[in-house]
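As structure tokens, the structure follows; a few thoughts come after it.
None of the figures in this text is laboratory data; all of them are computed from the coordinates on show. Treat the numbers as computed from the prediction; the structure is a model and nothing was measured. Here Cβ is always computed from backbone atoms with ideal geometry, including for glycine, and neighbour counts include all displayed protein chains.
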Amino acid sequence: MRILAIETSCDETAVTVLECSGTIESPVFRVLGNTLLSQAMKHAEFGGVYPNLAKRLHQKNLIPVLKETLNEAGYLNYELGMTSYDKDDVEKILEREPELLKEFLEYVPAIEIPKIDAVAVTQGPGLEPALWVGVNFAKALAFLWNLPLIPVNHMEGHIASVLVHRCENPKPEIINHKNVELPAVALLISGGHTELVLVKAWGEYELIGQTRDDAVGEAFDKTARILGLPYPGGPHLSVLAESARNPASIPHHSASPRLPRPMLKSGDCDFSFAGLKTAALYLVRELGEIDDIVKAEIAREFEDSVTDVLMSKTTRAMNAYQAPSLIIGGGVIANTHIRRAFENLAREAGWMLYIPSLELTTDNAVMIGAAAYLKHLRGYEDKGTERLHAKGNLRLHHE
Ligand code: KG4
Ligand code: ZN
């Protein structure tokens, strides 16, 4: 089946057409079209994602992103446009997104109905104003094209991202399937979340640990800001830390800066990163003027602290639940050092490790389509999309 998936939970506007086949134990995914527009630069002046700006930009970007995805997927027939549809109904669905409505009415009714079997959309968690744009857009498309609508939990999307494996050849990119032996522990680390989830079966999740304050990506971004790095700081901090890992660059004379490993001995699977960021702030203040070498050392020490805590809590969860598989998803696993550390740890511990390819670590619509397919295979039925609501604090749960 072909799923058109939409992701607007934060500051990425993304639409994918995913061809899905295979069973729940062994799903196969092939990306037919995939477009993603990041708003990150637009939010930079606010130093974080600004919900109302995100909402406005999703409205502006969704139709161009849909257009590009459909073109890439080869749905090019514009002459066979639909002749009749109920404009009032579409207007009602998109009444809170006037800018999107205008572009929607200009483009969507004019094209042939693409060969798609379902529409999927991120329902939550995320920024509610941003989520609503995607949800209403998905409702309007499902209505106009008379397709079932599958709401997806964004966190299940991050978990499912490891099932999609992109290879460059042959073209078009074939997505190989990956079988994950369950139960698995999923470590989800992004700008908004830090969670350990037990995946008993697809669709059967249990939250076993979470952050009590800042998410790990948030701590990266805030610490990067303290070090004077541009927004979004996570990737910049990671490059700087990496430079201090090069043995030639480590000065032998100065003592290395030290930061705490928060909650390392708390005896549970929870996290706390707000104190780490504050410790970095005090350290920078205390040191006064710092040169680039010291700055890189602080970045490295911060990254080491985060890595130590993530590895320790994950080991705890893996042992407690005797899971054969470890899944890691979310933007922070783009981090080279954390990736490497977990690869080594998994090798030593004998765990099977599943990490998504780099472009699927951060928010995207491919993972939403993959999670929607798993939900379809579990027998999900669309019983009326009118009632679908965006939920900013949606949790993973048993279905
Ligand atoms: O999953 P994601 O795109 O969005 C959320 O759902 O939050 O994650 C974005 C987060 C940001 O905080 C960003 O700074 C962080 O992931 N990030 C990184 C790296 N690349 C992205 N953090 C550390 N090292 C990186 N290389
Ligand atoms: Zn995310």
For this session: Multiply the residue gap between residue 293 and residue 311 by 0.36 nm, knock off their C-alpha separation, and tell me the result in nm, one decimal place.
Result: 3.8 nm
Exercise. Given 10 Å bins starting at zero, what is the percent of C-alpha pairs of region 1-107 in each, up to the one with the largest pair distance?
Worked result: 13, 34, 34, 16, 2
Seminar exercise, completed: Which of 31, 185, 239 fluctuates most in a GNM of the chain (C-alpha springs under 10 Å)? That residue is 239
For this session: Beta carbons within 10 angstrom, averaged per residue: use that to sort the peptides 90-96, 360-366, highest first.
Result: 360-366, 90-96
Exercise. Taking neighbour counts of Cβ atoms within 10 Å as a proxy for exposure, in what order, fewest first, do 194, 336, 69 appear?
Worked result: 336, 69, 194
For this session: Please build a GNM for the chain, connecting alpha carbons under 10 Å apart, and tell me which residue among 300, 387, 212 fluctuates the most.
Result: 387
Exercise. What whole-number value in cubic angstrom gives the convex hull volume per residue for the C-alpha atoms of the chain?
Worked result: 140 Å³
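For region 337-399, count all C-alpha to C-alpha pairs, find those more than 15 Å apart, and express that count as a whole percent of the total.
Counting every Cα pair in region 337-399, those more than 15 Å apart make up 72 percent.
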For this session: Could you calculate the contour length gain from residue 344 to residue 88, that is, 0.36 nm times the residue separation minus the distance between their Cα atoms, to one decimal place in nm?
Result: 86.4 nm
For this session: Name the residue, out of 329, 228, 157, whose mean-square fluctuation peaks in a Gaussian network model built on the chain with Cα pairs under 10 Å.
Result: 228
Seminar exercise, completed: Cβ density ranking, 10 Å radius, fewest first, applied to 70, 388 yields 388, 70
Exercise. Residue 121's amide H: which non-local residues (gap 5+, or another chain) put their own amide H closer than 5 Å, with H modeled 1.01 Å from N in plane and none for Pro or chain starts?
Worked result: 6, 150, 152
Exercise. If you line up the long axis of helix 233-245 against the longest principal axis of the chain, both from Cα atoms, how many degrees apart are they, to the nearest 10?
Worked result: 40 degrees
Exercise. So what's the convex hull volume per residue for the Cα atoms of region 236-382, in Å³?
Worked result: 162 Å³
Problem set entry | Fully extended contour minus Cα-Cα distance, from residue 68 to residue 206, at 0.36 nm per residue | 46.0 nm
Exercise. Per Stokes-Einstein, at 37 °C and 0.692 mPa s, what whole-number D in µm² s⁻¹ belongs to region 44-150, with the Kirkwood radius over Cα pairs as the hydrodynamic radius?
Worked result: 225 µm²/s
For this session: Measure nothing but the geometry: give the 0 to 90° angle between the long axis through the Cα atoms of 292-321 and the longest principal axis through the Cα atoms of the chain, rounded to 10°.
Result: 70 degrees
Seminar exercise, completed: In the structure shown, of 60/295; 60/375; 115/375, the pairs separated by more than 32 angstrom at the C-alpha atoms are 60/295
Exercise. By count of other Cβ within 10 Å, fewest leading, how are 36, 377 ordered?
Worked result: 377, 36
